[in-house]
Every structure is written in structure tokens, then in C-alpha cells.
1. I need the full set of residues from region 261-302 which are touching a helix residue (DSSP H, G or I) at 6+ places or on another chain (Cβ under 8 Å), part of a strand (DSSP E or B) and not acidic (Asp, Glu), in order please.
2. Could you identify the single residue in 151, 127 that is closer than 22 Å to residue 240 by Cα and in contact (Cβ under 8 Å) with a residue 24 or more places away in the chain?
3. Can you find a residue in region 239-253 that is among the polar types (S, T, N, Q), in contact with a helix residue (DSSP H, G or I) (Cβ under 7 Å, 6 or more places away or on another chain), touching a residue at least 40 places away in the same chain (Cβ under 8 Å) and more than 25 Å from residue 111 (Cβ to Cβ)?
4. Of everything in region 139-154, what is surrounded by fewer than 20 Cβ atoms within 10 Å (Cβ to Cβ) and β-branched (Val, Ile, Thr)? Give them in sequence order.
5. In the list 122, 136, which residue meets the criterion of being without any contact (Cβ under 8 Å) to a residue 24 or more places away in the chain, surrounded by fewer than 24 Cβ atoms within 10 Å (Cβ to Cβ), within 16 Å of ligand 1 (Cβ to nearest atom) and over 23 Å from residue 309 (Cβ atoms)?
6. Considering only region 292-335, how many residues are within 18 Å of the chain's Cα centre (by Cα), of a type in the set (Ser, Thr, Tyr) and closer than 18 Å to residue 231 by Cβ?
Amino acid sequence: MSKIVTIERFIFDYQPDYARGEFTNLLYDIALAAKVIAHKTNRAGLTDILGRAGATNIQGEQQQKLDVFADDIIFRICDHTGRLCAMASEERDEFMPIPEQYKKGSYVLVYDPLDGSSNIDVNVSIGTIFGVYRCVDWDLRGRIEDVLQPGRKLVAAGYVLFGSSTMLVYTTGQGVNGFTLDPELGEFLLSHENMRLPDPPAYYSVNHAYYERWSPGVKRYLHWLQGSEEREGKPLSSRYIGSLVADFHRNLLRGGVFCYPAENNKPEGKIRLLYEAGPLAFLAEQAGGYASNGRSPILDIEPTDLHQRTPLFVGNRSLVYQVEKFLQDEDEADS
Ligand code: AHM
Ligand code: MG
């Protein structure tokens with residue numbers, strides 16, 4: 001008979017050697033925040049939470065009430081625990097050192113509190129993305145250097161998907177595991193052990209509306225994904241939700257690649273390096289996949305700005321390598 005494993009039990013049993021309670025408890029805190037956000041998200045249509053809050057965030061996008069709620073709840077669950085030295089959120093202009101009145105810890109939390117916010121009002125899946133780093137200098141209080149670290153230095157990353165059920169999927173560098181929330185018990189239960197990107201992959205995900213804005217190498221890659229150039233394996237089908245977490249999750253379960261390429265007048269694309277691309281790149285590598293900006297690994301990019309964006313190609317290794325090849329051909333043709 002299969003075992004019932006709660007997320008608490010799993011986090012405890014599989015904590016890395018260096019985890020001395022602080023790291024383990026930080027993961028519990030994130031799971032708690034996920035439950036609170038799930039509770040609120042599930043009631044979104046029933047309360048006055050829908051609609052725009054009126055504020056505009058640093059990305060120039062209108063915030064919606066649920067984004068603000070999710071951002072606030074993560075901050076309030078994590079700011080006073082003594083496990084963090086700083087946090088940074090996609091919804092906040094500045095990074096957030098832990099306030100002086102609280103003990104400072106050894107870790108840094110970066111998060112996108114509610115990704116895919118344009119889907120909230122239309123009852124389509126949304127998600128939270130998070131990444132955890134060690135702070136750079138234990139003796140100092142949180143500084144911007146603690147937050148601006150490359151993905152290669154992540155010690156944990158994950159996401160929470162608020163879909164037909166709520167799932168928390170995370171890695172601490174020992175593979176990827178997924179937990180489904182039992183709403184009656186209020187517990188995340190292990191449902192997807194040791195997740196690996198299946199091969200052959202099934203899907204590619206991209207917003208085709210932007211086709212005319214892509215470079216010749218990206219256009220060629222899309223044709224390749226569609227089967228117009230020789231490619232081994234089954235033809236891919238196309239799926240695009242417009243919620244990165246949901247698109248990533250589906251591709252993780254079925255195999256595939258998510259693409260948000262550079263555009264002619266938007267060379268950095270749309271996806272944020274710190275809060276979105278970095279954590280998902282770490283998860284992808286831990287599931288046997290790979291993430292690239294089309295020319296180099298996402299995990300190697302040194303961030304210089306909190307809200308830096310990057311083109312993103314993430315999924316099965318063989319699919320992501322191919323875009324790097326086509327963009328290299330493009331660069332050689334240009335030079
Ligand atoms: P958000 O963080 O403001 O919600 O934006 C990020 C979202 C991703 O979830 C998704 O992949 C992308 O934006 C969709 O963008 P587009 O509508 O341009 O395809
Ligand atoms: Mg986002």
C-alpha cells in the first residue's frame with residue numbers, strides 16, 4: 001500500500017546536510033504561505049477581491065488585489081522568524097532587508113507572489129514562484145548583494161500552482177518533488193515523487209501573437225518545433241496558458257519547452273530573471289532539463305538589477321539546446 005507523506009515529514013526527512021532547522025523551517029513557512037494564498041484564491045469569486053487595486057507596480061503593470069494580498073502574506077509570514085536576512089518580491093520596487101527589530105537569519109527569499117495575474121479575473125490557473133539563496137555575508141544585515149545572486153547559487157526553488165488543485169513543487173538540489181493540497185486536511189501530501197521531464201516531449205508553449213517581433217533564429221526554431229525542419233521524435237503540440245507556472249508545470253509533467261523570446265523592440269523579453277526564470281531554471285535542471293536565454297544558461301546570468309528581465313527557453317534539454325544552436329547560426333550569419 002502506498003505511504004501517505006506530508007510535506008512536513010518530507011522536508012524533515014530530506015533536509016540537506018547543512019540545514020540546521022533554519023532552512024527546514026523556512027520551507028515550512030513557505031508551505032504555510034501557500035496554504036493561506038490557496039484559501040484566498042479559491043474564494044476569489046466569492047469575495048470582493050476581484051478587480052484591480054488601482055496601484056501600478058514597478059513593471060508598469062496594474063496590480064490586482066490578490067497580488068497585493070499574496071505579497072503581503074509571504075512577507076508577514078517570513079519577516080520575523082529569524083531565518084532570513086533579506087527578501088525581494090516582483091511586486092515591490094526595492095529589496096527588503098529584515099527589519100532591525102528582528103533577528104537576522106542566513107537565507108534570502110526572492111518571490112513572485114502571484115504570477116499570471118491577468119488570469120485571476122477569468123478563473124484560470126495562477127501561481128507563486130520562489131527561490132532561496134544563502135546570504136553573502138553572515139555578519140552583515142541584508143544588502144542588495146544578497147539578493148542579486150545568480151541562479152547557480154540557489155539552494156532551493158519552487159512554485160505553488162493554484163489550479164484544479166493546489167500543488168507545491170520544490171527542489172533543494174536533490175531532485176524535484178510535488179505535493180498536492182488536501183483542502184479538508186489542510187495538508188500538502190506527496191503526490192509526485194522525483195519528477196523528471198518525460199522524453200519524448202509533448203508540447204511547446206509560446207505566445208504566437210508575437211511572431212513578427214522575433215529574430216530569424218527564433219522564427220526558425222518555432223518552425224523546427226512545428227516539424228518543418230528535420231527533428232527526431234513525435235511532432236510537438238502547442239499549449240499556452242499565459243501563466244508561466246501553469247505552462248511550466250504542464251510541460252514538466254508531459255515534456256516540452258516554454259519560450260518567451262526576445263522581441264525586436266524588447267530585447268530582454270518579459271520574464272523576470274530573479275523571481276521567475278532563475279527558480280524555474282533550477283527546477284528544470286533538477287528534473288533533467290535545461291533553461292537558457294537562447295545564448296547562455298539562465299543559471300549563469302549575474303543579475304545587476306532587481307527587476308531585470310530575460311528571454312527564456314526552459315524545458316527538455318534537447319529542445320532548449322536547439323534554440324541555442326539556431327541563435328548561434330544567426331549570430332554567425334550576422335558577423
Ligand atoms: P506577471 O508576472 O505580471 O503575471 O507576468 C508574467 C506572465 C507569465 O506568467 C506568462 O508566462 C507571461 O506573463 C505571459 O505574457 P504574454 O501575455 O505576453 O504572453
Ligand atoms: Mg510574474
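1. Residues satisfying the conditions are 266, 271, 290, 291, 292, 297.
2. Every option except 127 fails the conditions.
3. The answer is no; no qualifying residue exists.
4. 144
5. Checking each option against the conditions leaves just 122.
6. Total meeting the criteria: 1.
Coordinate-derived values only; no laboratory data. All of these numbers come straight from a predicted model, not from anything done at the bench. Note that we place each Cβ from the backbone using ideal geometry, even for glycine, and neighbour counts take in every protein chain shown.
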